[in-house]
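Remarks on the structure that follows.
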Amino acid sequence: QVQLVESGGGLVQPGGSLRLSCAASGRAFGFNVMGWYRQAPGRQRELVAAIHNGGRTNYADSVKGRFTISRDSAKNTVYLQMNSLKPEDTAVYYCNAGPTFFQVDYWGQGTQVTVSS
């Protein structure tokens, strides 16, 4: 049974930083792509960033230059370093995993990120 467990969300002031982590279990050979989506109240879930196990990355335009995705394939863990956070980054952030950038097979439960003064 595959599980994705997120951690690292919380409340931060504008301009601050947070680091999200997601540990995957239940699959010995890992996932080609792991990443993060987010969903703000009243809005659709949207891609934030994703990373292939070969190193290729994909970012939403709104986070380029502020967020960095990385992964430790040996630990089946993906990270999202979020800097220069803005109130519009407030959302529930969901870890995901799948075979390609365009197919998500598994989701985590989500972790709340709130950016507010």
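The values are calculated or read from the model by the stated rules, or taken from the named source; none is laboratory data. Source: prediction; values computed, not measured. Here Cβ is always computed from backbone atoms with ideal geometry, including for glycine, and neighbour counts include all displayed protein chains. Note: accessible area is taken over every heavy atom of the protein model, side chains too, but ligands, DNA and RNA are not part of it. Shrake-Rupley method; radii C 1.70, N 1.55, O 1.52, S 1.80 Å.
Round to the nearest 10 and report in Å² the accessible area of TYR106, as given by a 1.4 Å probe over the protein chains' heavy atoms.
Accessible area, nearest 10 Å²: 70 Å².
On the accessible surface of the chain, probed at 1.4 Å, how many percent belong to carbon and sulfur atoms?
Answer for the chain is 45 percent, counting heavy atoms of protein chains only.
Place a point 7 Å from Cα of THR100 in the direction of its Cβ. Which residues in the stretch 6-44 have their backbone N less than 14 Å from it?
Label zone hits: 32-33.
So what are the ³J(HN,Hα) numbers for the stretch 101-115, from phi and the Karplus equation (6.51, -1.76, 1.60; θ = phi - 60°), rounded to whole Hz, Gly and Pro as x?
Listing the rounded values in order: 5, 10, 9, 10, 9, 9, 10, x, 7, x, 9, 7, 10, 10, 10 Hz.
Can you tell me the dipole magnitude for the chain around its Cα centre, using point charges on the Cβ only (Lys, Arg +1; Asp, Glu -1), in Debye to the nearest 20?
Details: 11 positive and 7 negative charges, 27 e Å.
Taking the Cα centre of the chain as origin, the dipole is about 120 debye.
Counting Lys +1, Arg +1, Asp -1, Glu -1, what net charge surrounds LEU80 among other residues with beta carbon under 12 Å of its beta carbon?
In short, +2.
Taking just the C-alpha trace of the chain, give me its Rg and Dmax in Å.
For the chain, the Cα-based Rg and Dmax read 13.3, 42 Å.
With labels modelled as points extended 7 Å from the Cα through the Cβ direction, what inter-label distance (nm, one decimal) is found for ARG66 paired with GLN44?
Between ARG66 and GLN44, the label points sit 2.1 nm apart.
Mind checking the per residue accessible area of the chain for me, 1.4 Å probe, whole number of Å²?
Averaged over the residues of the chain, the accessible area is 53 Å².
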